[in-house]
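Contents: one structure, followed by commentary.
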Amino acid sequence: MNDIHLFCLKPVHVLKQRNRLKSFLASKAVSAKRPLGSLNIIFCSDEHLLGINRDYLQHDYYTDIITFDLSPSSKSPLEAELYISIDRVKENASILGQPFYRELHRVIFHGLLHLLGYKDKLTKDQTLMREMEDRLLAEYFL
């Protein structure tokens, strides 16, 4: 049984179909043979996420998402937290000329993809990650 919770430390008004999103995330995890046990998605400010980035990753820069896989092993259901900066997602959406709701979903899917083993440090990995994000966006917004 999966347990997905959304926490808004900063309000998010574009997530109108939360149960649909939760079901979609859970189904994608099952399809990837890594079912969700518990997933907390925390929407916060740039400053809050910067503090997490500094404290836990020793990075001193803004980012749109930080993903923590808290699973006891790769064989167990996923236990994870996604921290998402609403400020950063809004700014990136503006820069990319995308609607905020679409960029927010891209970032959520990006976090799930990390949990499913996708990387984005190398150029080839970034390309694959973007393709997978686009695929999930197309399927979700079909």
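The values are calculated or read from the model by the stated rules, or taken from the named source; none is laboratory data. Model, not experiment: these values are computed from the prediction. Positions of Cβ are backbone-derived with ideal geometry, glycine not excepted, and every protein chain shown enters the neighbour counts.
At a glance:
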{"quantity": "Filtered residues of the stretch 51-69 (kept if in contact with a Ser or Thr (Cβ under 9 Å, 6 or more places away or on another chain), of a type in the set (S, T, N, Q) and not in a loop (DSSP other than H, G, I, E, B))", "calculated": "Asn53"}
{"quantity": "Residues that are touching a Leu at 6+ places or on another chain (Cβ under 7 Å), closer than 13 Å to Cys44 by Cβ and of a type in the set (A, V, I, L, M), drawn from the stretch 83-119", "calculated": "Val89"}
{"quantity": "Hits in the stretch 1-39 - residues which are closer than 17 Å to Leu116 by Cα and aromatic (Phe, Trp, Tyr)", "calculated": "Phe24"}
{"quantity": "Evaluation of Thr123 against (1) free of Cβ contacts under 8 Å to residues at least 24 places away in the same chain; (2) closer than 18 Å to Val12 by Cβ; (3) of a type in the set (Val, Ile, Thr) (one fails), failing number", "calculated": "(2)"}
{"quantity": "Near pairs, Cβ below 6 angstrom, 6+ apart or cross-chain, from the stretch 28-49 (closer than 17 Å to Lys90 by Cα and modelled with pLDDT of 95 or more) to any residue that is outside any strand (DSSP E or B) and of a type outside the set (Lys, Arg)", "calculated": "Phe43/Val12; Phe43/Ile86; Cys44/Leu9; Ser45/Asp87; Asp46/Tyr62; Asp46/Asp87"}
{"quantity": "Selection from the stretch 1-27 of residues that are in contact with a helix residue (DSSP H, G or I) (Cβ under 7 Å, 6 or more places away or on another chain) and touching a residue at least 60 places away in the same chain (Cβ under 8 Å)", "calculated": "Asn2, Lys10, Val12, Val14, Leu15, Phe24, Leu25"}
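Yes/no matrix, rows are residues, columns are (1) surrounded by 15 or more Cβ atoms within 10 Å (Cβ to Cβ); (2) polar (S, T, N, Q):
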| residue | (1), (2) |
| --- | --- |
| Tyr62 | no, no |
| Ile66 | yes, no |
| Ser71 | yes, yes |
| Ser74 | no, yes |
| Tyr83 | yes, no |
| Ser94 | no, yes |
| Leu113 | yes, no |
| Thr123 | no, yes |
